[in-house]
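Visitor: Mind looking over this structure? Questions follow.
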Amino acid sequence: MNAEAVVFSIGPLAVSRAVATTWAVMLALTAACALVTRHLRLEPGRWQTVLEGVVSAIHGTIEQTLPGHGDRLMPFIGSLWIFLVMANLVGILPAMASPTGDLSTTTALAALVFVSVHWYGLTSEGPRPYLRHYLQPSPVMLPFHVISEISRTVALAVRLFGNVMSLETAAVLVLLVAGFLVPVPVLALHVVEALVQAYIFGMLALVYISGGIQSQQRLGRQLESTDGATS
Amino acid sequence: MELNWTTFVLQVVNFLVLVWLLKRFLYRPVMAVIARRQAAIDQSVADARAAEQRAGELRADYEARLAATDAAHAARLAELAEEIAAERRDRLARLDAEMRAEGAKRAALAAREAAESERRAAAAAHRQAVAFVARLLARLGDAHLDGRLLELLIEDLPALPPQQIDGLRAAAATPAARIAVSSARPLDTPPQRALEGALAKLLGRALPIDYDTDAALLGGLRVGIGPWLLAASLADELPYFSDGARRAG
């Protein structure tokens, strides 16, 4: 399936298959969450246990990576993980295409990660301490920092897009060449790869954001130690 | 594989909307219920700790009360032991006093019994001595001894107390008055005449005299004038000797 194909248009706005699938995933996630979280109880049922397990795992992972920022980062990082898992897996369904098989989608997500890194970094301690770390250890490193920021964002987008698109293409090719049940192992591999790529994307986003927050914290500590030594 | 800016923008918006939706319908309620559960767990833990603390306080209070009770019990036991010791000392003192009194009483009784035995032995000795003397005098008694005793009686008559003499004379003044003379052996005539003369001199008149013999007198004689009795016999003198010896002993 081609995720870039336009499904319908709303005025001048051409809605692609990826966007439509994203809306479907969003609707399904929202409906499921609203349904399950409508009657939450202190003694959880089966679905509430699953949901609390997922949320607690996301929160715990963020806290292990960046202690004290779990509540703040969980909406963004958790949404990344949940959306990417669903978006990657939805391609397995017949007549459906993964939104992450579209470079525009992965680029949009990578761009959001890029922005969020700077957003969280700037809002943590202020712009000056955050931007100063681009000049560390020397102002000569500024171009390399900028190239690093851009390249890792591009790599983030292309890695996810390439893996998902290649898996879907391989599955389609195997399905066309081989029989009906032959692509099943490929689909199983797709499932594993979808989970792994979602985890990698979200984990890298978390690492980048925590790097942005901790870099200025390291810088602040260095400045404090320098001030203490000079005084 | 090309970048579609419309899709790019829409996906950015979509993801931001998804973040809001998931925050609204997933993270917030789930974290809230987890927080409520954690609060309930914390409350339970706090309650458990409070209960544990109360239990500890109750236990400490119980142990304190138990210690106080033990101390009071020990004090009561000590007091009781002291009372028992005092009572024991009192009873031992009373018993010792009673034993001492009993010992003194027994000693007194023994002394009295010993004195009584001694007295009985002395009395028996006196009786045996009297009996021995009586048998000895009975064997030694003869007319000569009778004559000596008669002479002693005649010598002692004037020395009698005046009241006795008056009494004898009053007894002799009665019309039917007679004198009874008992002797261990028959008296000869001369002694009879001497006795009659002495009695007539003492009584102021001569009275008829009846003579008889009484071997129980052992020796000597006994003169009876009315209710009066003048004894000059061994049988009458021996008890006097015996009483005198017993009083002297």
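Visitor: Let's test the formula: R0 of 25 Å, r as the Cβ-Cβ distance of B:Asp142 and B:Ala122. What FRET efficiency results, to the nearest 0.05?
Guide: For R0 = 25 Å, the calculated efficiency reads 0.20.
Visitor: Here is a further query. Do you know the relative contact order of chain B, to the nearest whole percent, from alpha carbon pairs under 8 angstrom that are 6+ apart?
Guide: 18
Visitor: Can I ask one more? Pick out, in residue order, every one of the trypsin sites (Lys or Arg not before Pro) in segment A:1-72 that is DSSP loop and has at most 16 other C-beta atoms within 10 Å; say none if there are none.
Guide: Of the trypsin sites (Lys or Arg not before Pro), the ones in loops of segment A:1-72 whose Cβ has at most 16 other Cβ atoms within 10 Å are A:Arg41.
Visitor: A further question follows. Using alpha carbon centroids, what distance separates segment B:156-224 and segment A:19-97, in Å?
Guide: Distance between centres, Cα-based: 169 Å.
Visitor: Under unit Cβ charges (Lys, Arg +1; Asp, Glu -1), what dipole magnitude, rounded to 20 debye, does segment B:1-151 have relative to its Cα centre?
Guide: So the dipole magnitude of segment B:1-151 works out to roughly 300 debye.
Visitor: Let me ask you something else. Mind checking which of B:Val33, B:Ala134, B:Leu95 is farthest towards the positive end of the protein assembly as shown's charge dipole, using Cβ charges of +1 (Lys, Arg) and -1 (Asp, Glu) about the Cα centre?
Guide: Comparing the listed Cα positions along the dipole, B:Val33 ranks first.
Visitor: If I stretch the segment between B:Leu80 and B:Gln192 completely, what's the gain in nm (0.36 nm per residue apart, minus their alpha carbon distance), one decimal?
Guide: Full-extension gain reported as 30.6 nm.
Visitor: In the P(r) worked out for segment A:149-193, what percent of Cα pairs fall beyond 18 Å?
Guide: For segment A:149-193, the share of Cα pairs beyond 18 Å comes to 38 percent.
Visitor: Give, rounded to the nearest 20 debye, the magnitude of the charge dipole that the protein assembly as shown has about its Cα centre when Lys and Arg contribute +1 at Cβ and Asp and Glu contribute -1 at Cβ.
Guide: My answer is approximately 800 debye.
Visitor: In degrees from 0 to 90, rounded to the nearest 10, what is the angle of the helix B:162-172 Cα long axis to the longest principal axis of chain B?
Guide: Approximately 60 degrees, to the nearest 10.
Visitor: Hey, another quick one. Just to be sure I understand the model, the point goes 7 Å from the Cα along the line to the Cβ. What's the resulting B:Arg169 to A:Val115 distance in nm?
Guide: Result for the modelled spin labels: 18.4 nm.
Visitor: Let me ask another. If you take the Cα Rg of chain A and divide it by 2.2 N^0.38 Å, with N the number of residues, what do you get?
Guide: Chain A yields a ratio of 1.21.
Visitor: Taking segment A:115-171, which chymotrypsin sites (Phe, Trp or Tyr not before Pro) meet the DSSP loop condition and have no more than 12 other C-beta atoms within 10 Å?
Guide: Passing sites in segment A:115-171 do not exist.
Visitor: Which value in deg cm²/dmol, rounded to the nearest 500, describes the helix-derived mean residue ellipticity at 222 nm for chain A, given -39,500 (n - 2.57) per DSSP H run of n ≥ 4 and division by the residue count?
Guide: -26500 deg cm²/dmol
Visitor: Let me ask another. Please report, in cubic angstrom per residue, the volume enclosed by the convex hull of the alpha-carbon atoms of chain B.
Guide: 317
Visitor: On to the next question. List the DSSP H helices in chain A whose Cα atoms stretch 24 Å or more along the helix axis and whose mean Kyte-Doolittle hydropathy is at least 0.5.
Guide: A:17-36, A:70-89, A:103-125, A:142-177, A:184-230
Visitor: Which angle between 0 and 90 degrees, to the nearest 10, do you get for helix B:5-22 versus the longest principal axis of chain B when only C-alpha atoms count?
Guide: The angle comes out near 20 degrees.
Visitor: Still on this structure, please answer the following. Contour minus end-to-end for B:Gln38 and B:Glu102, with contour as 0.36 nm per residue of separation and end-to-end as the Cα-Cα distance?
Guide: Fully extending the segment from B:Gln38 to B:Glu102 adds 14.0 nm.
Visitor: Starting from the 7 Å offset along Cα-to-Cβ, what nm value, one decimal, do you get for the label separation of B:Glu155 and B:Val130?
Guide: In this crude label model, B:Glu155 to B:Val130 measures out at 2.6 nm.
Visitor: Taking the Cα centre of chain B as the origin and placing charges on Cβ (Lys, Arg +1; Asp, Glu -1), which of B:Ala232, B:Gln163, B:Gln53 is farthest toward the positive end of the dipole?
Guide: Result: B:Gln53.
Visitor: Considering Cα pairs under 8 angstrom that are at least six residues apart, work out the relative contact order of segment B:143-248 and quote it in whole percent.
Guide: 34
Visitor: Per the Kirkwood treatment, what hydrodynamic radius in Å, one decimal, follows for segment B:135-178 from the mean inverse distance over all distinct Cα pairs?
Guide: After inverting the mean inverse Cα-Cα distance, the result is 12.7 Å.
Visitor: Over chain A, what is the relative contact order in whole percent, taking alpha-carbon pairs under 8 Å and six or more residues apart?
Guide: The normalised contact order for chain A reaches 24 percent.
Visitor: Regarding the protein assembly as shown, what are the three Cα extents along the principal axes, ordered largest first, in Å?
Guide: Computed over the Cα atoms, the extents are 210, 70, 40 Å.
Visitor: What dipole magnitude, in Debye to the nearest 20, does segment B:143-248 give about its Cα centre under +1 on Lys/Arg Cβ and -1 on Asp/Glu Cβ?
Guide: Once rounded to the nearest 20, the dipole reads 200 debye.
Visitor: Ok, one more. What is the projected area of the convex hull of the Cα atoms of segment B:143-248, averaged over all directions, in nm²?
Guide: With the hull built on Cα positions only, its mean projection is 7.0 nm².
Visitor: Go through A:Gly162, A:Ala34, A:Ile92 and say which Cα lies farthest out towards the positive end of the charge dipole of chain A; charges sit on Cβ, +1 for Lys and Arg, -1 for Asp and Glu.
Guide: Comparing the listed Cα positions along the dipole, A:Ala34 ranks first.
Visitor: If you add up the charges near B:Leu187, with Lys and Arg at +1 and Asp and Glu at -1, over every other residue whose beta carbon is less than 11 angstrom from its beta carbon, what do you get?
Guide: -2
Visitor: Could I ask something else about it? Under 20 °C and 1.002 mPa s, how fast does segment B:19-117 diffuse according to Stokes-Einstein, given a Kirkwood radius computed over C-alpha pairs? Answer in µm²/s, whole number.
Guide: It diffuses with D of about 99 µm²/s by this estimate.
Visitor: Continuing with the same structure: Given chain B, what percent of its DSSP beta bridges are antiparallel, to the nearest 5?
Guide: Antiparallel: roughly 70 percent of the beta bridges in chain B.
Visitor: Now, a different point. Can you pull the three principal axis extents for the Cα set of segment A:88-177, in Å, largest first?
Guide: Principal extents (Cα only, largest first): 56, 25, 14 Å.
Every number here is computed from the coordinates shown, using simple stated rules; none is lab data. Here the structure is a predicted model, which means the values were calculated and not measured. Neighbour counts are summed over all protein chains in view; Cβ atoms, including those assigned to glycine, are modelled from backbone coordinates with ideal geometry.
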